[in-house]
Amino acid sequence: MSNINNKDLFLKSSYFYNLPEDLIAQTPKEPRDSSRLLVYDRKNHKIEHKIFHDIVNYLQKGDILVINNTRVLPARLIGYKDTGAKIEILLQKRIDLKTWEVIAKPFKRLKIGTVVTFSSNLSCEIINKFDYGSCIIKFIFNGTFEERLSEVGQMPLPPYIHEKLKDKERYQTVYSKIEGSSAAPTAGLHFTPQLLNKIKEKGIEIVEVLLHVGLGTFRPVKEDNILNHEMHREYIEMTEQNAKIINEAKKEKKRIIAVGTTTVRVLESCANNEGIVMPQKKETDIFIYPSYKFKVVDALITNFHLPESTLIMLVSAFTGYDETMEIYKEAVKEKYRFFSFGDAMFII
């Protein structure tokens, strides 16, 4: 264990770890619940190595399992200018029926007024540009936008995945419902319908929340002092009924188990200072890093995240900084698969 001082917890470099490239998972495991699971018991500082479907043995009757039911849009579009130059558009945030904020590459080649054509039925015009690489575009299409997008859009896989995805549904959770994400809430990719049924049969209640994952998830932290990092904003929803279920469970000392960092961000964004969860429909830019005091979440299911990312900082806040870095060291030694299509851990 390191003796890191509190000041160093705010340094981006403190969250670096060495990861051999061959441990970055390029394809998902089949079946979904056959990925590996590292279980870490915070109270006893104990690590166990299991298979994901074993998670049911660590869940207790009365637990509340909270999942993010967002669905990934086929948000990557390849189009061409009238000069024949290739342009890549990544949908980031819908503004109205036809207008989106997007990330466009190559950014410098685009001027306000440029038209990009994706198919005979879908094109867009650049109507504004921002310094940080984003544009506002207006789509021109026949029929409905959703139909056109499903025809030409591709899954926006993270930049570290170089293999082509054979089945688009493999980058969706089995419980995905509401379209709007630019990336999958990847901790949920390990669940199968059969495993969810087993969990329910054991007396665990499954509660749905919503966070539309933005591309900011993959945006690196550029500031050396993480306190200067500007967090991306993401849309969240918590219904009145689900807020009530969570609040009653907390009163009864039942565990609230978050599936993924996106679910953590919803739960903690919706809680007041007393830890009472309020119904919400809003955007959140909550940034969770060590010294954060959790109000709602008692246990966390998550994948292994990129070095120096806001997600490893969130896990460090929940698990403890030294403990997190030890877990990651162990996962590398044991050759776990990392990132979106990789293995999972359960922090209890």
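The values are calculated or read from the model by the stated rules, or taken from the named source; none is laboratory data. What you see is a predicted model, and the numbers here were worked out from it, not measured in a lab. Cβ coordinates were reconstructed from backbone atoms using ideal geometry, including for glycine residues, and neighbour counts include every protein chain displayed.
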Does Glu179 fit the bill of being more than 17 Å from Pro74 (Cβ to Cβ), acidic (Asp, Glu) and assigned by TED's automatic domain parsing to the domain that holds Gly342?
no
Quick check: is even one residue across the range 271-287 modelled with pLDDT of 95 or more, of a type in the set (Phe, Trp, Tyr) and either touching a Leu at 6+ places or on another chain (Cβ under 8 Å) or buried (at least 23 other Cβ atoms within 10 Å of the Cβ) (or both)?
no
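Name the one entry in Ser119, Ser35, Ser123 that is among the hydroxyl-bearing types (Ser, Thr, Tyr), modelled with pLDDT of 95 or more and under 30 Å from Phe346 (Cβ atoms).
Details: Ser119 fails: under 30 Å from Phe346 (Cβ atoms); Ser123 fails: under 30 Å from Phe346 (Cβ atoms).
Unique residue meeting the criteria: Ser35.
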In this structure, is Ile47 in a strand (DSSP E or B) and either at pLDDT below 95 or closer than 18 Å to Glu326 by Cβ (or both)?
yes
Which residues, taken from the range 116-164, are of a type outside the set (D, E, K, R) and touching a residue at least 60 places away in the same chain (Cβ under 8 Å)?
Leu149, Ser150, Val152, Gly153, Gln154, Met155, Pro156, Leu157, Pro158, Tyr160, Ile161, His162
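May I ask you to verify whether Lys166 is modelled with pLDDT of 95 or more and among the basic types (Lys, Arg)? Walk me through it before giving the result.
Working: modelled with pLDDT of 95 or more: no; among the basic types (Lys, Arg): yes.
Against the criterion (modelled with pLDDT of 95 or more and among the basic types (Lys, Arg)), Lys166 does not qualify.
Can you tell which of Glu234, Glu240, Glu308 is at pLDDT below 95 and charged (D, E, K, R)? Can you show your working first?
On the way: Glu240 fails: at pLDDT below 95; Glu308 fails: at pLDDT below 95.
None of the others qualify; the one that does is Glu234.
Does Lys164 satisfy the criteria of being charged (D, E, K, R) and within 26 Å of Ser309 (Cβ to Cβ)?
Numbers: charged (D, E, K, R): yes; within 26 Å of Ser309 (Cβ to Cβ): yes.
Yes.
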Mind listing just one residue for me: the one in the range 14-36 that is over 14 Å from Leu306 (Cβ atoms) and of a type in the set (Gly, Ala, Ser) and, of those, surrounded by the fewest Cβ atoms within 10 Å (Cβ to Cβ)?
Ser34
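Could you check the range 84-115 and list, in sequence order, the residues that are in contact (Cβ under 8 Å) with a residue 12 or more places away in the chain, over 16 Å from Phe145 (Cα atoms) and either in contact with a Gly (Cβ under 7 Å, 6 or more places away or on another chain) or part of a loop (DSSP other than H, G, I, E, B) (or both)? Please lay out each step first, then the result.
Narrowing the range 84-115 to residues in contact (Cβ under 8 Å) with a residue 12 or more places away in the chain: 85, 87-95, 97-107, 109-115.
Restricting the remaining residues to those that are over 16 Å from Phe145 (Cα atoms) gives 85, 87-88, 103-107, 109-115.
Result: Ala85, Ile87, Ile103, Pro106, Phe107, Leu110, Lys111, Ile112, Gly113, Thr114.
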